[in-house]
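Computed from the coordinates by the stated procedures, all read-outs in this text should not be read as laboratory data. All values derive from a computational prediction rather than experimental measurement. Backbone-built Cβ (ideal geometry, glycine too); neighbour counts: all protein chains shown.
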Amino acid sequence: MIPIGDDNSDRQLKPIMNYTLIAINILVFVFLQGMGSNAIFTYAYSTVPAEILTGKDVITQAQRLVDQATGQEYLVPGLQATPIPVYLTLVTSMFMHGGWAHLLGNMLYLFIFGDNIENRLGHVRYLIFYMLCGIIASLTHVFSTYLMPTSSLVPSLGASGAISGVLGAYILLFPKRRVNVLLGWFIIAVPAFIAVGLWILFQIVSGLGMLGGNEDGVAYAAHIGGFFAGIILIKIFDRGPSVQVVGTNYNRRNR
């Protein structure tokens, strides 16, 4: 079930910040990551749990690995020197992606759900909310490396954690809003609590699967942490829906 749109009939603000975030993600992937070919940049600015936990930059050598199924040999780049304080990678990693599918999937969710949260919070508050959710999501992944059988030297990247925070806010603020989803060959409308609820349920189940050693390269802990960060933070950031005051040319917000 893939979301493809939602009800924006009550939107009053043009989602300038949401569009800007989408543009930055695309530009970073195309021009700085070389559409995935610039491994040196990617491995230098991704979040490495061991670096965050120790506060020290970690550099490793490239390794040659062999795919046991095909026999094909390929080179895995090592961790590169990070030219900024390692803690800032919690931010830089939010704007990088592992490939086109990763990027486009994330941007689809951000495009559909982000504008509603920006409309509710306003441009600046939305940006702060988004960034905080992303940072908390990354930290959740970092600390989960203590519990899950994953290496603390495996870098993580992507906007998924921040977008998960947007989804957490969305399901809390607009649980019954109509979301159009692609189900097989059909497009159907379902309430947001079903569309988003099934998504977070999948993240939790998959995250528990990783505890059993079933790894697929996805940082589910970041998704879960970002989602619940969004639910909590939206209660702080939200000032209620904007209400048009009759006879005036401005809006006020209920408190």
When 10, 57, 115 are ranked with the fewest other C-beta atoms within 10 Å first, the list becomes 10, 57, 115
Output for region 2-253 (equivalent-ellipsoid semi-axes, sqrt of 5λ from the C-alpha gyration tensor, Å, descending) is 34, 20, 17
Sequence order, region 32-42: Karplus ³J(HN,Hα) from phi using 6.51 cos²θ - 1.76 cosθ + 1.60, θ = phi - 60°, Hz rounded, Gly and Pro as x, gives 8, 8, x, 6, x, 8, 8, 5, 4, 5, 4
Each label sits 7 Å from Cα toward the beta-carbon; between residue 239 and residue 74 the label points are separated, in nm, by 4.9
A chain fully extended from residue 39 to residue 194 at 0.36 nm per residue, minus the present Cα-Cα distance, gains in nm 52.0 nm
Partner lysines whose C-alpha sits under 20 Å from that of residue 235, ignoring same-chain residues fewer than 8 away, are 176
Looks like region 85-194, by Cα gyration tensor root eigenvalues a ≥ b ≥ c and the a/c under 1.5 rounded cutoff (else prolate when a/b is bigger than b/c, oblate otherwise), is prolate
Dividing the alpha-carbon radius of gyration of region 111-164 by 2.2 N^0.38 Å, where N counts its residues, gives 1.38
With label points set 7 Å from each Cα along the Cα-to-Cβ direction at residue 100 and residue 32, the distance between them in nm comes to 2.2
Taking Lys and Arg as +1 and Asp and Glu as -1, residues besides residue 18 with C-beta under 10 Å from its C-beta add up to -1
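What's the extension gain from residue 8 to residue 151 if we count 0.36 nm per residue and subtract their Cα-Cα distance? Write out the running numbers ahead of the final one.
Details: separation 143, 0.36 × 143 = 51.48 nm, distance 4.21 nm.
The span from residue 8 to residue 151 would gain 47.3 nm if fully extended.
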Under 5 Å from the placed amide H of residue 6, counting only residues 5+ away or on other chains, we find 180
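Tally Lys/Arg at +1 and Asp/Glu at -1 over every other residue whose Cβ is under 10 Å from the Cβ of residue 180; what's the total? It would help to have the intermediate numbers written out before the result.
Working: positive: 178; negative: 6, 7.
Taking every Cβ under 10 Å from that of residue 180, the sum is -1.
Return the FRET efficiency for the residue pair residue 81, residue 187: r is the Cβ-Cβ distance, R0 is 35 Å, and the value is rounded to the nearest 0.05.
0.15
Please arrange 94, 148, 35 by counting, for each residue, the other beta carbons lying within 10 Å of its beta carbon, fewest first. Let's see the in-between values first.
Working: 94 26, 148 17, 35 13.
Neighbour counts put them in this order, fewest first: 35, 148, 94.
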A correct fewest-to-most ranking of 52, 2 by other Cβ atoms within 10 Å would be 2, 52
Sequence order, region 175-189: Karplus ³J(HN,Hα) from phi using 6.51 cos²θ - 1.76 cosθ + 1.60, θ = phi - 60°, Hz rounded, Gly and Pro as x, gives x, 9, 5, 6, 10, 7, 10, 8, 10, x, 9, 10, 10, 10, 9
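How large is the charge dipole for the chain, taken about the Cα centre, if only the Cβ atoms of Lys, Arg (+1) and Asp, Glu (-1) carry charge, to the nearest 20 debye? List each step's numbers first, then the result.
Numbers: 14 positive and 12 negative charges, 223 e Å.
Once rounded to the nearest 20, the dipole reads 1080 debye.
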